[in-house]
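Working notes for the structure below.
The values are calculated or read from the model by the stated rules, or taken from the named source; none is laboratory data. Note that this is a predicted model, so its numbers are computed, not measured. Here the Cβ positions follow ideal geometry from the backbone for every residue, glycine too, while neighbour counts run over all protein chains shown.
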Amino acid sequence: MADQDKPSELSLSTFYYMNGGDDLNTQQNSPAPIDEKLLIDADQLAIGPMISEGHYSIVYQGLYGSLPVAVKMIQPDMSTSVSPELEEKFCREVSMLSRVNHENIVKLIGATIEPNMMIVTEYMQGGTLQKFMWGLRPNCPDLKLCIRFALDISQAMEYLHQNRIIHRDLKPSNLLLTEDKKKIKLADFGLAREETDDEMTTEAGTYRWMAPELFSVEALRLGVKKHYDHKVDVYSFSMVLWELITNRTPFKGRNNIMVAYAAAMNRRPSIDCIPANIAPLLESCWAENPENRPEFQQITQFLKKYLHSICQENILEAPPILSEVEYSRSKEETEDPPATDCLMDGPMENEKNSKSLCFRFVKRFGQCF
C-alpha cells in the first residue's frame, strides 16, 4: 500500500481506465449546475489510496497539485449514468460546503463535474474519530481530551445552526482529526439541509445517532411524515459525547429496528459511568421533547467553563454544576443483543421525572454564567 502521507500519483485518465471507465473526455449526460468559481481543473488531481466507501460514493486520498486532499467521488462506476437524485445531492453538498468557513469544519478546495462528480476537501491526517476511539479500546480517552473534542464539535454545530444549516448525520465517522489528534473538524455534508420556516419531514441520519422524533412506533397514514428541526443535531451530539466519555457504541448489539424502537420509547444509554457534572448535560441534550434540548450556544458556553475548571492545576472549588436537582439514572445499556420481545414486551417506564429535569436544566443554564 502506498505511503499514507505520500499517495502514489495516479492520473484520472489512468484511474478510470483501471476501473473500467472512459478517459478524461467522458461527458456527463447533463452537467450539474455548479457555480463555476467552485470548479477546479481535474487534470491537477492525482488519486491515491481509498479512505472510505459509502453506498453512492468513495473517498480517496489524493493530491491537487502538491496539496494533500480528500477526493469524494460520486458514483465512481462509470458504466451507469448518474441519477438526477445523486446529481441534486452532489450540488447541494458542494453548495453547503462553499457557504461555511469555520476552523472546526473541513475546508472545500473545489469540485469537478467531468469526468465524474467529485468533491475535493482538505485532507485530515488524523483519520476519523471513530477509528481513533477504536484504537484506544478497552481504554477511554482522557476526560480533558473528551471535553476538548466535544467543544470542537459544539462550536462547529453552533456555527452551522447560526447559519440555518442542519447537518443531520453527526457521528464519529464524520468527525475528522488533525495530524496531532488534538483538534476535530466536521465533515460529510451529504445529508445537510438548510433549515426553513417549515418543519423538515425527510428521514435522514444513521440510526444509532438519530433523534427519536425521526422515528415512529406506530404506523403513519399514507402521506404523513414525522416533523423535526435543528434539535435533531443536539440529540446526535449527546450520543457522540456519551461515546467519547465511555468509548462504547450507543445501543451496542442492537439492530437498526431495535435501536429505532428504543430511541422512540425514550430509552437511553446508561449514565452510571458519566461524571456527575456532565450527566445533566447529556440528559438535556437527549431529551425526548426537542424543545427541552439546549441550543449549541449554551452547550459551548458550558463546555468552555467546564474545561477551564478541570484544566486548573490547583482546583480550589468543584467544577460548575448545572443543576442542584438530582438526576435519575438511565436504564442500563444492554451490551449483548437482547431478544426483540425484550423491547416490545410490557409498558415503558415513567419518564416524567426525566422530562421535568430536562426542562429545569435548560431554564437554569443562564444561572451558570
Next on the checklist: Of everything in region 105-132, what is part of a loop (DSSP other than H, G, I, E, B), over 21 Å from GLN155 (Cβ atoms) and among the hydrophobic types (A, V, I, L, M, F, W, C)? Give them in sequence order.
Outcome noted: ILE113, MET117
Checklist outcome for this item: In region 238-276, anything small (Gly, Ala, Ser), surrounded by fewer than 22 Cβ atoms within 10 Å (Cβ to Cβ) and in contact with an Asp or Glu (Cβ under 9 Å, 6 or more places away or on another chain) is listed as GLY253, ALA264, SER270
Checklist outcome for this item: Scanning region 250-276 residue by residue, the ones that are in a loop (DSSP other than H, G, I, E, B) and under 24 Å from PRO290 (Cβ atoms) total 11
Checklist outcome for this item: Per the list (1) out of contact with any Phe, Trp or Tyr (no Cβ under 6 Å at 6 or more places or on another chain); (2) outside the structural domain of ARG168 (by TED's automatic domain parsing); (3) more than 22 Å from SER238 (Cβ to Cβ), residue check on GLY135 breaks on (2)
Checklist outcome for this item: When every residue in region 263-278 that is over 19 Å from ILE147 (Cβ atoms) and free of Cβ contacts under 8 Å to residues at least 60 places away in the same chain is compared, the one farthest from the chain's Cα centre (by Cα) is ALA264
Checklist entry - Applying the selection to region 277-297, what residues are outside any loop (DSSP other than H, G, I, E, B) and either surrounded by 21 or more Cβ atoms within 10 Å (Cβ to Cβ) or of a type outside the set (S, T, N, Q) (or both)? => result ALA279, PRO280, LEU281, LEU282, GLU283, SER284, CYS285, PRO290, GLU291, ASN292, PHE296
Checklist entry - How many residues does region 35-79 hold that are part of a helix (DSSP H, G or I) and in contact (Cβ under 8 Å) with a residue 24 or more places away in the chain? => result 3
